Amino acid sequence: MSLRLLRGGVAACGVLFASLAGAAEETEAKQFDWPVQAFLLSDVPQIQEPGAVQTQASLRLRSTSDGAQIDAPLQGEVGLGHRLQLESEVEWSREREARTLDRGVSQVGVGVHVGLLESADSGFSLSSGLDGELARPEFSDDQWALYGRLLAFKRVGALGLNAVLRPGFAQTRQQQLEPRAELGLGAAWGSGVLVPMGELHAELGDENTLDAVGGLKLKPGKVVELGAGALVGRQGGEGVYGATTSLILDLGG
């Protein structure tokens, strides 16, 4: 009787381990296939795994009527739990206005990001968040700003479509509450080592900005992503052109 029970237990364990292995393989096969970790000017709705850390350093150059404007944001994402991550950003800027050259940290921000839906079968992902920003008076008429955020991604064959909507409001230095909004639309082709991509990005508020960016992302490994693109658009009613680069490091958990 005991031998029979032992054999039955071994068989049951074998079936259990086989089932778990099959489930693990199925889960691995069902993982969402992101073509890029972020677009050149907008984020994607991906949520970091618990304990995972991702950093992104960017450099953006715009040629304006007052001279070259440089923005260098440094962003970080930390996975806190199931479908939840904490984010932070520090931006260094250099810009000239009214014959005055200002440079240094222009703004800092923190946010929380929640995953709402991620389906590998349908190729669709949706997430939401809340961001707060503080700005220095040398670079912005806003004291602080608060944004809601909705991000969506859809894969259609080899094409990945991304959308970002960030409505919000700002407290200006004239003690007024004013609306702010940000909209990003992007497309990336394929998910191999080299990914062509294009993006439209608009910021509405104190200084309306519209940028069109075309570029490439290079993914030499799972932990590194390099990107570069050319930029044209309008800022404050005037035409601008420039370039943008980015470096993403996925530090794992």
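The values are calculated or read from the model by the stated rules, or taken from the named source; none is laboratory data. Since this is a predicted model, take the numbers as computed values, not measurements. Cβ: placed from backbone, ideal geometry, glycine included. Neighbour counts: every protein chain shown. Note: areas computed on protein heavy atoms with side chains; ligands, DNA, RNA excluded. Shrake-Rupley method; radii C 1.70, N 1.55, O 1.52, S 1.80 Å.
For this structure, a couple of remarks:
- Bins of 10 Å, starting at 0 and running to the largest distance - Cα pair percent for the range 124-214: 16, 38, 28, 15, 4
- Solvent-accessible area of the chain (1.4 angstrom probe, protein heavy atoms only): carbon and sulfur portion equals 63 percent.
- Cα gyration tensor, the chain - rounded (a/c under 1.5), prolate or oblate: prolate
- Fraction of alpha-carbon pairs over 17 Å apart in the range 160-253 - percent: 61
- Per-residue SASA entry for Trp92, accessible area with 1.4 Å probe, Å² rounded to 10: 100
- When the trypsin sites (Lys or Arg not before Pro) in the range 119-216 are filtered for DSSP coil states and for at most 15 other beta-carbon atoms within 10 Å of their beta-carbon, the remaining sites are Arg173.
- Virtual spin-label span in nm between Lys154 and Leu218, 7 Å along Cα→Cβ: 3.3
- The slack between Leu204 and Val114, meaning 0.36 nm per residue of separation minus the straight C-alpha distance, is 30.0 nm.
- Computed from Cα positions, the angle between helix 2-29 and the longest principal axis of the chain comes to roughly 20 degrees.
- Modelled FRET efficiency - R0 51 Å, Trp189 with Leu101, Cβ distances, 0.05 increments: 0.80
- Accessible area (Å², per residue) of the chain, counting only protein heavy atoms and a probe of 1.4 Å: 54
- Over the Cα atoms of the range 37-155, the radius of gyration divided by the Kirkwood radius equals 1.05; this is the Rg/Rh ratio.
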